[in-house]
Amino acid sequence: MRIVITGASGQVGSELKDLLLEDTEKECYFLDRKQLPLDQIQIIQEILAIYQPDLIIHAGAYTAVDKAEEDQVTANLVNHLACEEIAQYCHINHTRLIAISTDYVFDGTSNVALTEMAATAPINVYGQTKLAGEQAIQKWCPEAIIIRTSWVYSSYGKNFVKTMCRLMAERDEVNVINDQIGSPTYAKDLAAAILKIADSSGFESGIYNYSNEGAVSWYDFAVAIRDFRSFDCQVNPIPTSAYPTPARRPKYSLLDKSKITDTFAVEVPEWEKSLANMLAEEFKN
């Protein structure tokens, strides 16, 4: 199997690379923003044609949520129009596609775990462009698989876990929002789930949810990080209103994972277990 992975230097892309380098039965090409500039949509299909992949794992995205409020053009190019080009290529060339999306396609007003059928209503530009990307994929490549995930972290890249570790090592106390509820996603777990789907005998198209199990607030998540690492730092709970940001965040975005587990029998570890596994690793780049 010949696989192209976009966003190869990101959190999910980096974890995929670690897992796929051990797989001698696959011919893999890891494309970062230099090899595949997703904001230059006019050359995307031309670049993909060089590799002639059997499968594209589209993990690349514009993920700077607050910056997207100002840089709407680039966010739309990367999260929407690049998806359209990739989906068109896949449809024309009979290439399988697995694309990563986000819980930010929801407005956060639910009080129950969100299924794939829940109504979408993004409240920020990032979510709007990611939803437009989903819709473009479904229009041009309805046989694709889209995986919505949330609160991604890894030993690679910039993320909440690594930021908290740095701040807790430097400060006596930190303030963390306690009224946004969801579930973290260890990128290594998500990468493993993606590869299990890629290797499965059945490639059931559609939208799927994947995050780690359990409901948690950012405050709860921060306390767990502190306790796992034994930091001597006080964690103070604060409401979202006390920490205004350019982009609004969903208050509740817990994802129901029953569809992906029923269809592909992927493992969905508890968030505490995955956090402990990540914190046992050495942080990278």
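The values are calculated or read from the model by the stated rules, or taken from the named source; none is laboratory data. Since the structure is predicted, the reported quantities are computational estimates derived from the model, not experimental observations. Cβ coordinates were reconstructed from backbone atoms using ideal geometry, including for glycine residues, and neighbour counts include every protein chain displayed. All accessible areas refer to the heavy atoms of the entire protein, side chains included, with ligands and DNA or RNA removed. Shrake-Rupley method; radii C 1.70, N 1.55, O 1.52, S 1.80 Å.
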Review point. What is the extension gain from Ala242 to Ser201, computed as 0.36 nm multiplied by their sequence separation minus the C-alpha to C-alpha distance, in nm to one decimal?
Key: 9.8 nm
Point to revise | Gained length - Glu270 relative to Gln35, 0.36 nm times residue gap less alpha-carbon distance | key: 81.1 nm
Exercise for review: Using only the alpha carbons of the stretch 5-77, determine the length spanned along each of the three principal axes and report them from longest to shortest in whole angstroms.
Suggested key: 43, 26, 17
Point to revise | Value at 222 nm in deg cm²/dmol, rounded to 500, when DSSP H runs of n ≥ 4 in the chain each add -39,500 (n - 2.57) | key: -11000 deg cm²/dmol
Exercise for review: For the pairs Lys26/Lys158; Lys26/Lys273; Lys139/Lys259; Lys158/Lys257; Lys67/Lys158, note any where the Cα-Cα span goes beyond 19 Å.
Suggested key: Lys26/Lys158; Lys26/Lys273; Lys139/Lys259; Lys158/Lys257
Point to revise | Rg followed by Dmax, in Å, when the stretch 51-187 is reduced to its Cα trace | key: 16.7, 57
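Diagonalise the Cα gyration tensor of the stretch 75-125 and give the resulting equivalent ellipsoid semi-axes, square root of 5 times each eigenvalue, largest first, whole Å.
Semi-axes (√(5λ), whole Å): 27, 14, 7.
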Study note, to complete from the structure: Computed over the chain, the convex hull of the Cα set has an average projected area, in nm², of 14.1 nm²
Check your understanding: Once Rh for the stretch 199-285 is found with the Kirkwood sum over Cα pairs, what is the Stokes-Einstein diffusion coefficient at 25 °C and 0.890 mPa s, in µm²/s?
Key -> 153 µm²/s
Revision key, fill the gap. The chain, Gaussian network, Cα under 10 Å: of Gly60, Gly157, Gly202, the residue fluctuating most is Gly202
Exercise for review: Over all alpha-carbon pairs in the stretch 120-181, figure out the percentage whose distance exceeds 16 Å.
Suggested key: 66 percent
Review point. Using alpha carbon centroids, what distance separates the stretch 237-285 and the stretch 150-171, in Å?
Key: 13 Å
Revision key, fill the gap. So Lys158 and Ile43, fully extended at 0.36 nm per residue minus their Cα-Cα distance, gain in nm 38.6 nm
Review point. At a 1.4 Å probe, what is the % contribution of carbon and sulfur to the accessible area of the stretch 158-252?
Key: 46 percent
Practice item. Quote the charge dipole size of the chain about the Cα centre in Debye, to the nearest 20; the model charges only the Cβ of Lys and Arg (+1) and of Asp and Glu (-1). Key: 340 debye
Practice item. Consider just the alpha-carbon atoms of the stretch 154-255 and return their Rg together with their Dmax, both in angstrom. Key: 16.3, 52
Study note, to complete from the structure: GNM of the chain, Cα pairs under 10 angstrom: of Val152, Val235, Val78, the biggest fluctuation goes to Val235
